[in-house]
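Please read the structure below before turning to the comments.
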Amino acid sequence: MDFRQSIAGPLLAVLNGKRAMFPPPPGFRIALLHDVTPIEIESLRGLLRHIVDAGNLLDPSDIEKYYLEDPSPSAIRAPMPEGTLFTFDDGFRSNYAAAIEVLEPLGARAVFFICPALVDLNPDAQAETVNKYVRLGGRAADEGRGERCLMNWDELRELRDRGHVVGCHGMRHRKLATLPASALDDEILGGADLLAERMGERTPWYAYAFGDIKSISAVALSTISTRFPICRSGIRGLNTATTSPLTLRADHVDLSLTHRYRQLTMEGGLDLMYVAARRRLNAIGNSMTQHG
């Protein structure tokens, strides 16, 4: 066990003590996961069960109601969601098993962000593309065995029919901040069109590839906003009433680490490390709004 995991318990105790004295504002967190290996299934189940047992599980519809409904002046606005929403990036085949075996028995519905142009690739091309543009040196996808590493359209439509949401993660998982305007249109708007064509409906959800502050720009976010009212980053933090739906924060969860460390992650124990990134993301969102 490394140092950060060994001190997770004491840090969590300090965090809980601080929150008892200074409660955070109402808000919600978004759990961000990727591939879920067979040995990580139990870790996912434990994390989800902890959130369900605490009564803190959110559904994608809770977020949509808050941000997308436009009530008349006499209507009552949906309350600020409080709890945790689960999201999965890249559309890995393992996510289908996680949804059926773990999420649904516990009553959870998640958002699965996919890159539509990668779904139709043959298995070997999928593995090569995922390893080159998605993994970036991480754990390799299945390769050379004729196996898909991503969900197919039938599986994605089945998840949608079971109450989950399929969102867009860009056409081919490109870093938006480095793309010229013409390529941005293809990556974002082309991805939106292809996803809508394959799924038979449009989605309000987008998550930009890689999720860090260096992967987004005001131009890219402005382009996203023309088709998607909700955009999730990968920058840690609590989403509150002041958070724009185009700059939602999310907490990446490493299922290979200890349960205590996962708890620390999802309860805001790493938020201080991302203060500057959140400020920059807010500035990008404000700039996009002012010049849009």
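The values are calculated or read from the model by the stated rules, or taken from the named source; none is laboratory data. Please read all numbers here as calculations on a predicted model, not as lab measurements. Here the Cβ is made from the backbone with ideal geometry for all residues, glycine too, and neighbour counts use every protein chain on show. Please note that ligands, DNA and RNA were not included when accessible areas were found on the heavy atoms of the full protein model with its side chains. Shrake-Rupley method; radii C 1.70, N 1.55, O 1.52, S 1.80 Å.
In region 246-291, what residues are aliphatic (A, V, I, L, M) and closer than 24 Å to residue 48 by Cβ?
248, 250, 253, 255, 257, 264, 266, 270
Between a residue in region 22-40 that is part of a loop (DSSP other than H, G, I, E, B) and any residue that is among the hydroxyl-bearing types (Ser, Thr, Tyr), which pairs come within a Cβ distance under 7 Å, given they are 6 or more apart or on different chains?
So the pair list comes out as 25/240; 26/240; 27/240; 35/94; 36/94; 37/94.
Does any residue in region 276-292 that is closer than 10 Å to residue 237 by Cβ come within less than 9 Å, Cβ to Cβ, of a residue that is at pLDDT 95 or above and open to solvent by 40 Å² or more (accessible area, probe 1.4 Å) six or more places away or on a different chain, and which pairs are these?
The qualifying pairs are 277/212.
May I ask you to verify whether residue 134 is within 16 Å of the chain's Cα centre (by Cα), modelled with pLDDT under 95 and buried (at least 22 other Cβ atoms within 10 Å of the Cβ)?
yes
For region 78-98, enumerate the residues that are part of a strand (DSSP E or B) and acidic (Asp, Glu).
89
Which residues, counting only those in region 200-231, are over 19 Å from the mean Cα position of the chain (by Cα) and within 26 Å of residue 158 (Cβ to Cβ)?
200, 201
Out of 192, 141, 220, 209, I need the residue that is modelled with pLDDT under 95 and aliphatic (A, V, I, L, M). Which one?
Among 192, 141, 220, 209, only 141 is modelled with pLDDT under 95 and aliphatic (A, V, I, L, M).
Of these, 244, 217, 256, 225, which one is small (Gly, Ala, Ser), closer than 15 Å to residue 174 by Cβ and open to solvent by 10 Å² or more (accessible area, probe 1.4 Å)?
On inspection, the qualifying residue turns out to be 217.
Which pairs have Cβ atoms under 6 Å, sit 6 or more apart or on different chains, and link a residue in region 243-267 that is within 16 Å of residue 45 (Cα to Cα) and modelled with pLDDT of 90 or more to one that is among the charged types (D, E, K, R) and not in a loop (DSSP other than H, G, I, E, B)?
Matching pairs, first to second residue: 253/262; 255/40.
Within region 73-103, take every residue that is open to solvent by 10 Å² or more (accessible area, probe 1.4 Å) and hydrophobic (A, V, I, L, M, F, W, C) and give me the one that is modelled with the lowest pLDDT.
So, considering only residues that are open to solvent by 10 Å² or more (accessible area, probe 1.4 Å) and hydrophobic (A, V, I, L, M, F, W, C), the one modelled with the lowest pLDDT is 75.
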